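The values are calculated or read from the model by the stated rules, or taken from the named source; none is laboratory data. Bear in mind that the values here come from a model prediction, so they are computed numbers and not experimental data. Positions of Cβ are backbone-derived with ideal geometry, glycine not excepted, and every protein chain shown enters the neighbour counts. Only protein heavy atoms, including side chains, enter the accessible area calculation; ligands, DNA and RNA are left aside. Shrake-Rupley method; radii C 1.70, N 1.55, O 1.52, S 1.80 Å.
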Amino acid sequence: MLSALRQAVGQPSRIIRRRLATIVPSNIHEGNASTISEPQAQSPVSQTQSASTGKQISRKVIDPTEPVYLTMSALLLEKQKYAGQRAVALDPTVFGHPIRRDVLHLCAVHYLDSLRQGTASTKTRGEVRGSNRKIRPQKGTGRARLGERQSPMLRGGGVAFGPKPRDFSTKLNRKVIQMGMRVALTLKAREQRLGVVDHLHWLDRKTASLNRRLKLLGWEAGTLFVSGEEEVPSSLKIAGNNLPGVDFRTVADLQVYDLVKWRRVVLDMAAVHALERTLSKGWAHGENLIINTSPASPVAT
């Protein structure tokens with residue numbers, strides 16, 4: 001709308017676009033195939049005409065068909081040797097959405113409003129127990145006039161304009177909530193605070209062993225694990241219940257507020273598939289492609 005207004009008054013429209021900084025592997029190994037050198041994808045260029053000068057202006061735009069590559073991590077020790085050598089191709093319509101902080105604010109306020117109990121209640125002067133007899137005569141005593149004992153001016157009387165039980169929940173469209181989920185996932189991916197693992201199964205139920213592993217990975221504080229299964233694996237949940245900086249969710253229980261609140265989010269492949277099924281905008285792809293990268297590729301933390 002602003003662009004149309006500027007063109008109407010003879011000013012050039014100003015469009016600001018940011019390109020997503022992703023981890024794109026330089027060499028791809030599939031099984032025993034030979035090394036394939038992937039050329040850098042060129043951004044498409046849009047041609048627009050300036051309203052004031054009439055010249056053609058070239059602008060680079062984001063290619064929605066280019067996947068978002070994210071280096072995979074490993075929760076189990078036996079898969080540590082593969083950490084940093086594999087990357088997963090993510091849906092760009094889910095993990096490469098334009099940042100909308102206003103949508104994040106709407107989703108966070110909507111969720112926090114739904115948590116309010118709204119049970120605060122006070123009694124009005126008509127609900128306070130007591131007689132309705134006048135305290136003293138209206139005239140002749142030289143003192144201020146008073147009515148019944150339930151007056152809000154007196155101690156033990158009713159409350160004027162006090163709170164009553166109410167519903168604080170607000171309404172927000174489903175598509176806005178879905179956009180907020182895309183924006184939150186994109187923000188975590190851009191900040192390199194989004195991790196992807198094969199699964200969230202842990203070997204035992206010992207808190208000490210899980211705590212040592214999380215400290216080794218740097219995930220001991222502010223990490224949210226999201227599982228795409230119906231329930232979080234019991235061994236991991238029992239082992240991590242006593243850890244203060246760790247929490248667990250399923251995709252069905254995941255909220256936009258959780259992604260904004262927690263410093264780091266770790267998804268398993270089942271969660272990635274579930275999120276892309278729900279939030280994808282028709283990006284043409286099959287299953288998430290896991291590719292081998294060079295050992296020098298950075299690891300998402």
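Simple spin-label estimate for Asp113 and Arg155 gives 4.1 nm between the two label positions (7 Å along the Cα-to-Cβ direction from each Cα). The accessible surface of segment 83-167, taken with every protein chain in place and a 1.4 Å probe, is 52 percent carbon and sulfur.
With the other protein chains left in place, how much accessible area per residue, in square angstrom, belongs to segment 172-223 at a 1.4 angstrom probe?
Numbers: 2550 Å² over 52 residues.
Here the residues of segment 172-223 average 49 Å² of exposed surface.
Charge tally for Gly162 (other residues, Cβ to Cβ under 11 Å; Lys, Arg +1; Asp, Glu -1): +2. Computed over protein heavy atoms with a 1.4 angstrom probe, the accessible surface ordering of Met179, Met72, Met153, largest first, is Met153, Met179, Met72. Around Ser235, what is the net charge, scoring Lys/Arg as +1 and Asp/Glu as -1 over all other residues with Cβ under 11 Å from its Cβ? Local net charge: +2.
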